[in-house]
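Single-structure report; data block below.
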Amino acid sequence: MIFKSLHLKNFRQYSGEQTLTFSSSKDRNVTVVYGANGAGKTALLNAFTWVLYGTHTPAFEHPDDLINHGAWAGAKPGEEVEARVTLTFEDGDQTYTVERVSSARKDGDGKRIPLRDGDMSLHFIDESGRDHVRENPERAVRQILPERLHSFFFFDGERIEKLASEDAFSEIEDAIKTILGLEIIERSIRHLDDAGQELGGEAAEVGSDEDRRLNEDLRQTRVKLEELRGERDQISNENRARRSEIDRIYAELAGRKEAQELQMRREALEAELRQAEEEITKSKRSIAGEISRRGHLAFIEGLANAVGTKVDERRTRGEIPSEIKLQLIQDLLSEGQCICGRELSEGSDPYSCVEDWKSRAGDGQAEDAWIEVGAQARFVYGDRDRLYEYLHETAGELERYRARKRSISEQLDEIKVNLGSIDSEEIRKLEQHRERLGEELHRATMRLGGIENEHKALESQRTDIERELEKAEAKSEKAKLAKRRVAVAREARTLLQETYDGVTAEVRANLDGRIAGIFAGTSYKGYEARLTEGFQLRLTKSVDGTATDVPRSSGESQILSLSFVGAIADYARERSENHAGGDVLENFSGGIYPIVMDSPFGKLDTSYQRRIADVIPKLAPQVIVMVSKSQGLGAVQEVLSPRVGKQILIQHSTPDPAKAETIELPTGTHPFVLYDGGTEWARIEDI
Amino acid sequence: MVYFTLAERKTDSGDRVGGRWGQTSPEAQAVVAETLRLERDNLHLERPRIRKELVRLIKNHVR
């Protein structure tokens, strides 16, 4: 998928018809779109997501209000006004044009009568140049780029850093499963479970009373498990919606002058809070791990003392080290000659004399063991002291992180109070809504933890019942056959489950390597990026050969998240090249995808801006990046310019002549914000 | 065949993804293949219909 052009008609700020064309050059794969704050950068990002999927990003305010206000105001009563987006792209050998329209008619009182609500069409031109219409455009687009993946290819650059947070693992896991088309296996496992249950019922009918009782227990356990999964999925979906709504509120607060500073501070503090919470979890895990590994050292004092005393006693008695070794005496007696040269024949005096030494000689092995035990007993104290020291240090760290968390929470409370006291009904309402969502999110997350535990317990209960059922002896041929059928259904389910786990782990490991590769190309601190087995993005450094988590700044999180996006894009590309077809596991054939990102340099200092500018062209074969004047010039321009194939300006109007401004680009000085006597519009200018 | 590709898939370290495939009965292997095919080709089918079809298939394979 390579974007050729995007055509907008009366879409949000863009009045009339506007067309953007994008660079598709291999070496200069970046298209930079410059736009002032509020000019229409986010609207442009959303033009992509709307035309392809009918969706919008969290920062897109009033998503139902798509028709340009100026066009609506200028329409006569009875006239239909439409917002239309047309995207032309190449995929494989074909050129597609996807279009979506929403429209409304203005009645006599100026009210809106909705006519079309995001109607979509998809055309493609075949090799002979003939135009065809695709029957099911939504499905066709999803086949090219699955909707579950689209948030990784069209995103708000500042918010992408959230992928690196502790609770983003489900989003990452979902993406991996989508890449593989694993939903088919998920559903197949469920179907085999259903079939197994039905066959189990039939087996119980021809089986013993015990079989019937166990089967009923199994049925009830399954029902509870299904209920729990349903509840878990529902809560997860609701949480996603809550998070997205909170994001939207944040974007709205950040866009209001009176709340902007407080909101920015809040977002920075929340990032710090997440960091502190991660550190607390890490410290707790570390303490628990050390206690589980070396906790016995705390109780070993008496035993170690006793061993030390025994060793000392033996030393005092001269038993260790002994004057002569038992092995030597035995060798002399069996060889029949003493070290002085005398013959040692059994019954002779010299023989008895040497044999006497047996009782005084020491057993070499026992002696070595005693010496080693004595030394170990002394080491135990050292190990114990080191354990105490480690626990003391880690507990101190834990307390510092807790104090940090308390302090951040207090500052966040203060921000909440300050936002609530701003003299604006709208801000107050947004703030109240945010608080309610936050509380709901907290409660729901606690419940998810509970569900996870209940689920584990029920799964283990179910395995036990299934084992008991397998063990129960079948009396008749009919019962034996029924049992075999149940066993085959279970065997097939287990096999699919193991395959599913194996394939997921395989792709995770593959992406882990790719992420590390992309991140290594940008890092100057020697940090390593990892995708853990729990599908979490981590930043580590090697301490004495062990990978240790390091705290991340906002910039590091952003680079880490971008590395994941780049790894997904790279994996999808490779999959499209190697896809042979025919394997049901390879339901998603991959593809080449462009990345469209809005404001990826927002809150970062110059060094991070440089690093991100360096990594952006490497993320995908085509990258469209939207920047403001302050973000896109200077360091960013300097690093990006060798890879920029196209520059586009979003010019927009202001009713305030004092706010008019120009932009200095290598091509010269261009009008950027224009004074236009009160009319507000945005238009596209190729430069 | 679907189950053949499943069995032959390997991880980067060379381990088979369908590790237990070799120790699975031919009936269970066939059932897995049929289930995946059913699910892939009949996305529009409701869950109870797929369950019925699967029960029929398993009975066919295990007589």
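The values are calculated or read from the model by the stated rules, or taken from the named source; none is laboratory data. Since this is a predicted model, take the numbers as computed values, not measurements. Positions of Cβ are backbone-derived with ideal geometry, glycine not excepted, and every protein chain shown enters the neighbour counts. For the accessible areas, the whole protein counts, side chains as well, though only heavy atoms, and no ligand, DNA or RNA atoms are used. Shrake-Rupley method; radii C 1.70, N 1.55, O 1.52, S 1.80 Å.
Quick rundown of the values:
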{"item": "Which of A:Asp107, A:Asp64, A:Asp501, A:Asp512 is most accessible, then next, and so on - probe 1.4 Å", "result": "A:Asp64, A:Asp501, A:Asp107, A:Asp512"}
{"item": "The range A:31-164: Rg to Rh, with Rh as the Kirkwood radius over Cα pairs", "result": "1.01"}
{"item": "Theoretical FRET efficiency, 1/(1+(r/R0)^6), r = Cβ-Cβ of A:Ser25 and A:Ser553, R0 30 Å, to 0.05", "result": "0.35"}
{"item": "Gained length - A:Arg293 relative to A:Arg142, 0.36 nm times residue gap less alpha-carbon distance", "result": "49.4 nm"}
{"item": "log₁₀ of I(q)/I(0) at q = 0.12, 0.14, 0.18, 0.22 Å⁻¹ - the range A:127-218, Debye sum with one point per alpha carbon", "result": "-0.69, -0.77, -0.92, -1.10"}
{"item": "Cross-link pairs A:Lys4/A:Lys26; A:Lys224/A:Lys282; A:Lys41/A:Lys76; A:Lys224/A:Lys456; A:Lys4/A:Lys618; A:Lys480/B:Lys52 - those with Cα-Cα distance over 23 Å", "result": "A:Lys224/A:Lys282; A:Lys41/A:Lys76"}
{"item": "Ratio Rg/Rh, restricted to the range A:600-675 and using Cα atoms, in which Rh is the Kirkwood radius", "result": "1.01"}
{"item": "Binned Cα-Cα distances of the range A:348-506, short to long, each 5 Å bin given as a whole percent", "result": "1, 6, 5, 6, 6, 6, 6, 7, 8, 8, 8, 7, 7, 5, 4, 3, 2, 1, 1, 1, 1, 0, 0, 0"}
{"item": "Loss of accessible area when B meets A, both sides summed, Å² nearest 100, probe 1.4 Å", "result": "3300 Å²"}
{"item": "Placed amide H near A:Ser628: partners under 5 Å, 5+ positions off or other chain", "result": "A:Gly35"}
{"item": "Local electrostatic count, A:Lys629, Cβ distance below 10 Å [Lys/Arg +1, Asp/Glu -1]", "result": "-2"}
{"item": "Solvent-accessible surface (1.4 angstrom probe) belonging to A:Leu214, in square angstrom, nearest 10", "result": "10 Å²"}
{"item": "Debye log10 I(q)/I(0) at q = 0.05, 0.07 Å⁻¹ for chain A, Cα point scatterers", "result": "-0.39, -0.67"}
{"item": "Sites A:Lys416 and A:Glu664, calculated FRET efficiency, Cβ-Cβ separation with R0 41 Å, nearest 0.05", "result": "0.50"}
{"item": "The range A:395-452: Cα Rg divided by the 2.2 N^0.38 Å rule of thumb", "result": "1.50"}
{"item": "Pair B:Arg63, A:Leu328: separation of 7 Å Cα→Cβ label points (nm)", "result": "8.4 nm"}
{"item": "22 Å tail of the calculated P(r), the range A:500-577, as % of Cα pairs", "result": "23 percent"}
{"item": "Net charge, A:Thr522 excluded, C-beta distance under 14 Å - Lys, Arg +1, Asp, Glu -1", "result": "+3"}
{"item": "Nitroxide proxy distance, nm - points 7 Å out along Cα→Cβ at A:Glu454 and A:Ala472", "result": "2.7 nm"}
{"item": "Pairwise centroid distance, computed over Cα atoms, of the range A:7-39 with the range A:456-500, Å", "result": "59 Å"}
{"item": "Accessible area (Å², per residue) of the protein assembly as shown, counting only protein heavy atoms and a probe of 1.4 Å", "result": "50 Å²"}
{"item": "Candidate lysines - alpha carbon under 21 Å from A:Lys325, same-chain residues fewer than 8 apart omitted", "result": "A:Lys310, A:Lys358"}
{"item": "Potential lengthening between A:Asp119 and A:Glu389 on full extension [0.36 nm per residue; Cα-Cα distance subtracted]", "result": "90.5 nm"}
